[in-house]
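Chemist: Take a look at this one; I'll ask things after.
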Amino acid sequence: LRMVQAAPIGADAVSDEELRPQGLDEFIGQPQLKAQMKLFLDAARKRGVAPDHILLAGPPGLGKTTLAMIVAHELESAIRVTSGPAIAHAGDLASILSSLEEGEVLFIDEIHRLPRPAEELLYIAMEDFRVDVVVGKGPGASSIPLTLPRFTVVGATTREGMLPAPLRARFGFTAHLDFYPRSEMQRLIQRSSAVLGLPVDDDAADQLARRSRGTPRIANRLLRRVRDWAVVHDLPRVDAQAVIESLDLYQIDTEGLDRLDMAVLEAICRNFNGGPVGLNNLAAMVGEESETVETVCEPYLVREGFLIRTPKGRVATRKAWQHLGILPPDDVNV
Ligand code: ADP
C-alpha cells in the first residue's frame, strides 16, 4: 500500500479534481505566496495584458497544478496542460505553441524534463513570442517563423536546480512551495471534509494533519480512507478515535513519514551507524534514485528534524533513532 506517497496514484488523479480549489481565496495557507500572486495577477488584469511567465517549484502534492489552474481561473483564461515527459520532440511543443490563443495559459508540469531542443524552442517563444515551424524533411526542409499571441507559461518543477539558466531567466515570477504547517493542514482538511460533506471534529482534523506529511494531496487521500471508515461504521461525524483506528489499519505513521522516508532513516541508522553518509550511497542503499531521495524525501525529514545535512553527508538525529525505536550510539549529539 502506498498510502503516503505524494505522487498521484490511480483514481486519485481523478479525485484530486473534486477537492481542487478554484480561486485564490480558496487556496489554503502559503499566505506570502498568495499575496504575491494576487498582486501579480491584479496588476496584469489592470494593465489588460497576459502576465509574465510563472515558475512554481517544490515537492509533489503541495499545490503546483492547483495554482496553475487558479492563475487561469483568476485571469478568466483558457488553460492548456502538458508536461515535460509528454513532449518527445521540439515539434510537439511547436504545434502546441502555434495553436495558443491570446492570453491563454500554458501549464507545463515537470518542466525540468523537457528535451533540450524543446527547451530552446520554449525560451525563444517565451521571450520573443515567436516560434520557428519546420516544414518538410531532410535537405529540402525549411523553417517558417511564426508570430505567437501573448500567452503565459506556468511551469512546475520538483527540481528547480535542473532548469538551465536561460530558461529559468524567462520567468518573471518564481514561487517556492513548502510543506504546510500543522495549522494550515488542519484548515485544509476542514475545507476538504466540507466539500466531501463529511463533518470532522477539530481533534480528528489535527490527528489527520499530523499524519499527512505537510502535503495536501496526502491529507486528501487519508481523508477519503477515513470517510470509508465512517461510512462502514455509520458514523455521523468523524472523531479522533475514528482517525486513529482507521489509519492504524493502514499502518500510517503517526509522524506522517512514508515508506521511503522510513527506509532512508533505517539505512542511515542501521547501515551507516547514523551517518554521515553521502546522497548516492544512501540512495543506492534504499534502491531509489538520488533525485527522489534529495527532492521528495530529504526536505521533509530535514524540516521535521529527523535528518541534518552536513558537509560530510546526511546525519540522523536523536529524533530519528527514537522514531525507529532503536537506542542511539552514545556519540549522537544532534
Ligand atoms: P502538485 O501539482 O504540486 O503535485 P496539486 O496541485 O495537484 O499538487 O495538489 C494535490 C491536491 O492537493 C489537489 O487535490 C489539490 O486540490 C490539493 N491542494 C493542494 N494545495 C492546496 C491548497 N493550498 N489548498 C487546498 N487544496 C490544496
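Chemist: Counting only residues that are charged (D, E, K, R) and in contact (Cβ under 8 Å) with a residue 12 or more places away in the chain, which one in segment 76-106 is nearest to V131 (Cα to Cα)?
Modeler: Filtering segment 76-106 down to residues charged (D, E, K, R) leaves 76, 80, 92, 101-102, 104.
Restricting the remaining residues to those that are in contact (Cβ under 8 Å) with a residue 12 or more places away in the chain gives 80, 92, 101-102, 104.
Details: R80: 17, D92: 12, E101: 14, E102: 15, E104: 16 Å.
The residue in question is D92.
Chemist: How many of the residues making up segment 184-211 are more than 12 Å from the ligand (Cβ to nearest atom) and without any contact (Cβ under 8 Å) to a residue 12 or more places away in the chain?
Modeler: Counting residues in segment 184-211 that are more than 12 Å from the ligand (Cβ to nearest atom) and without any contact (Cβ under 8 Å) to a residue 12 or more places away in the chain gives 1.
Chemist: Residue check, G61 against (1) touching a residue at least 40 places away in the same chain (Cβ under 8 Å); (2) farther than 30 Å from V293 by Cα, all met but one. Which one?
Modeler: (2)
Chemist: Let me ask something additional. So E127 clears everything in (1) without any contact (Cβ under 8 Å) to a residue 40 or more places away in the chain; (2) under 23 Å from H176 (Cα atoms); (3) not aromatic (F, W, Y) except one condition, right? Which one?
Modeler: Of (1) without any contact (Cβ under 8 Å) to a residue 40 or more places away in the chain; (2) under 23 Å from H176 (Cα atoms); (3) not aromatic (F, W, Y), only one is false for E127: (1).
Chemist: If you don't mind, there's one more thing I want to ask. Suppose we keep only residues that are among the hydroxyl-bearing types (S, T, Y) and out of contact with any Phe, Trp or Tyr (no Cβ under 7 Å at 6 or more places or on another chain) within segment 125-155. Which one would you say is farthest from L55 (Cα to Cα)?
Modeler: Step one: list which residues in segment 125-155 are among the hydroxyl-bearing types (S, T, Y), which gives 142-143, 147, 152.
If we keep only those that are out of contact with any Phe, Trp or Tyr (no Cβ under 7 Å at 6 or more places or on another chain) as well, we get 142-143, 152.
Values: S142: 33, S143: 29, T152: 11 Å.
Among those that are among the hydroxyl-bearing types (S, T, Y) and out of contact with any Phe, Trp or Tyr (no Cβ under 7 Å at 6 or more places or on another chain), it is S142.
Chemist: Further question: State yes or no: is G274 under 30 Å from P329 (Cα atoms) and not aliphatic (A, V, I, L, M)? Step through it out loud before you land on a result.
Modeler: Numbers: under 30 Å from P329 (Cα atoms): yes; not aliphatic (A, V, I, L, M): yes.
Yes, satisfied.
Chemist: From D128, D132, which residue is charged (D, E, K, R) and surrounded by 14 or more Cβ atoms within 10 Å (Cβ to Cβ)? Give the steps one after another, and end with the answer.
Modeler: Details: D128 fails: surrounded by 14 or more Cβ atoms within 10 Å (Cβ to Cβ).
Being charged (D, E, K, R) and surrounded by 14 or more Cβ atoms within 10 Å (Cβ to Cβ) holds for just one of D128, D132, which is D132.
Chemist: For residues in segment 135-183 being within 16 Å of the ligand (Cβ to nearest atom) and of a type in the set (V, I, T), which is surrounded by the most Cβ atoms within 10 Å (Cβ to Cβ)?
Modeler: Here the answer is V154.
Chemist: Further, regarding this structure: Here is a list: V195, V200. Which entry is modelled with pLDDT under 95 and in contact with a helix residue (DSSP H, G or I) (Cβ under 9 Å, 6 or more places away or on another chain)?
Modeler: V195
Chemist: Is it the case that some residue within segment 218-232 is of a type outside the set (F, W, Y), in contact with a Phe, Trp or Tyr (Cβ under 9 Å, 6 or more places away or on another chain) and over 30 Å from I111 (Cα atoms)? Quick ask: steps written out before the conclusion?
Modeler: Step one: of segment 218-232, the residues of a type outside the set (F, W, Y) are 218-228, 230-232.
This time we only want the ones that are in contact with a Phe, Trp or Tyr (Cβ under 9 Å, 6 or more places away or on another chain), so: 219, 222, 225.
Then keep just the ones that are over 30 Å from I111 (Cα atoms); that gives 225.
The answer is yes, given that some residue of segment 218-232 is of a type outside the set (F, W, Y), in contact with a Phe, Trp or Tyr (Cβ under 9 Å, 6 or more places away or on another chain) and over 30 Å from I111 (Cα atoms).
Chemist: Being surrounded by fewer than 21 Cβ atoms within 10 Å (Cβ to Cβ) and either aliphatic (A, V, I, L, M) or more than 21 Å from Q186 (Cβ to Cβ) (or both) is the filter here; which residues of segment 243-259 pass it?
Modeler: Listed by number, the residues that qualify are I244, L249, Q251, R259.
Chemist: Quick check on my filter: what residues within segment 212-246 are within 16 Å of the ligand (Cβ to nearest atom) and among the small types (G, A, S)?
Modeler: Within segment 212-246, S212, G214, A219 qualify.
The values are calculated or read from the model by the stated rules, or taken from the named source; none is laboratory data. Fair warning: this is a prediction, and the values are worked out from it, not measured in the lab. FYI the Cβ positions are ideal-geometry reconstructions off the backbone, even for glycines, and counts take in every protein chain you see.
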